[in-house]
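Computed from the coordinates by the stated procedures, all read-outs in this text should not be read as laboratory data. Source: prediction; values computed, not measured. With ideal geometry, Cβ positions are generated from the backbone for all residues, glycine too; neighbour counts draw on all protein chains shown.
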Ligand code: NI
């Protein structure tokens, strides 16, 4: 298994849509799922990842999630669809592809989801709380959307500046680290 590079905003590949999976048992798909879990568990503070935010050519419609404290409850959703949305929340979110930014995003409070798991088994379940938020965030990735796309123009331009500043200081820190070693 190999960890995959997580694409960073403003990489245009983050606007891709996930390609529906025809055959879950396909070797390439199974390898991608294993590598996505590897990437999830290798990344600090990472609850979920979508194939579209990773350096995967022809990213399939797959998300991997593990919101458990001990990181021992993997959940893989393939071709997932939200079939019902109930209520609304507006709480803080972050994203592995949008560093330094934690901002409020609007989500349904509860959702019903239809998907396949990594074995091709049909799932139809209800989610609320953090899991519901995660699934909606990841399904947005598979639609080419980021949580910052929800923002007003004004807020968005402020956030863009914060991202650029953060990336600027990160580059300085990295070049210092390289000089040291
Ligand atoms: Ni994200």
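Listing 58, 11 from the residue with the fewest other Cβ atoms within 10 Å to the one with the most, what is the order?
Numbers: 58 10, 11 13.
By the 10 Å Cβ count, ascending, the order reads 58, 11.
If you rank 151, 96 by fewest surrounding Cβ atoms within 10 Å, what's the result?
Result, fewest neighbours first: 151, 96.
With a cut-off of 20 Å, note down the residues of region 96-121 whose backbone N falls inside the zone around a label point 7 Å from the Cα of residue 3 toward its beta carbon.
96-101
Work out, step by step, the length gained on full extension between residue 30 and residue 130: first 0.36 nm times the residue separation, then minus their alpha carbon distance; give nm to one decimal.
Values: separation 100, 0.36 × 100 = 36.00 nm, distance 2.65 nm.
Separation in residues times 0.36 nm, less the Cα-Cα distance, equals 33.3 nm.
Measuring from label point to label point, each 7 Å out along Cα→Cβ, what is the residue 122 to residue 100 span in nm?
4.8 nm
With no solvent and one point per C-alpha, what does the Debye sum give as log10 I(q)/I(0) for region 90-181 at q = 0.16, 0.22, 0.26 Å⁻¹?
-0.78, -1.10, -1.34
Nearest 0.05, what FRET efficiency do residue 82 and residue 178 give at R0 = 30 Å with Cβ-Cβ as r? Numbers along the way, then the final one.
On the way: r = 44 Å, r/R0 = 1.47.
After rounding, the FRET efficiency stands at 0.10.
Suppose R0 equals 45 Å; then what is the FRET efficiency for residue 71 and residue 152 from their Cβ-Cβ distance, rounded to the nearest 0.05?
Numbers: r = 36 Å, r/R0 = 0.79.
So, using R0 = 45 Å, E works out to roughly 0.80.
Counting other beta carbons within 10 Å of each residue's own, what order do 19, 33 fall into, fewest first? If you can, show how the numbers build up before the last one.
On the way: 19 15, 33 22.
Lowest to highest Cβ neighbour count: 19, 33.
List the equivalent ellipsoid semi-axes of region 12-150 in whole Å, largest first, each obtained as the square root of 5λ for an eigenvalue λ of the Cα gyration tensor.
Ellipsoid half-lengths, sorted descending, are 21, 17, 15 Å.
With label points built 7 Å along Cα→Cβ from the Cα atoms of residue 41 and residue 112, find their separation and express it in nm.
With each label placed 7 Å out from Cα toward Cβ, I get 3.4 nm.
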